[in-house]
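Following: one structure in structure tokens, then a few remarks.
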Amino acid sequence: MMDQQNNFDNMQQGYSQQGYSGQDYTQQGYFGQGYSQQGFTQQGYPQMDYPQQGYPQPMNNSNGGAGLAIASMVLGIVALVFSCCIYYISIPCAIVGLILGGVSLAKKQPGKGMAVAGLVCSIVSLVPTICIIVFSASIWAEIQSMMMLCL
């Protein structure tokens, strides 16, 4: 039993590490260069100072940006959706969309494509709305004339 304990002690001594107390270890690296490590602390590398540059800030457009073009497009789409059934929403939306799109194009603000889309949707929505109003008015006039004949 004592013999096994001695063998165990001998094995532990062979595998023990001595570097925790600050003793210097030197190992051969690539190309014969050595590096040293003292305990668990690395000998410092020089601190690199890089210039701290941020991303460029966007320019602030105080003239509204593409807001008029976006509003024109949204109003044109709303007018187009309601052009066949709810004309009292469609007509005001189309007129305001036409005005905002025209102002946006005249001021040459960003969002030219959206302004053009708003103009096109507004114009296209006015055509069926006006046709439906004219057709409804002619039918109403015909109904009134028939009612006058019956009386």
Taking the stretch 82-101 and keeping residues surrounded by fewer than 18 Cβ atoms within 10 Å (Cβ to Cβ), in a helix (DSSP H, G or I) and over 29 Å from the mean Cα position of the chain (by Cα) leaves Tyr88, Ile89, Pro92, Ile95
Among the residues listed as Ile133, Ile139, the single one being farther than 18 Å from Gly76 by Cα, in a helix (DSSP H, G or I), β-branched (Val, Ile, Thr) and without any contact (Cβ under 8 Å) to a residue 40 or more places away in the chain: Ile139
May I ask you to verify whether Ala79 is assigned to a helix (DSSP H, G or I), of a type outside the set (Phe, Trp, Tyr) and under 21 Å from the mean Cα position of the chain (by Cα)? no
Going residue by residue through the stretch 108-119, is there one that turns out to be exposed (fewer than 11 other Cβ atoms within 10 Å of the Cβ) and of a type in the set (A, V, I, L, M)? no
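FYI, it's all coordinate maths here, none of it is from the lab. Keep in mind that what you see is a predicted model, and the values were worked out from it rather than measured. Cβ atoms come from the backbone with ideal geometry, glycine included; neighbour counts cover every protein chain shown.
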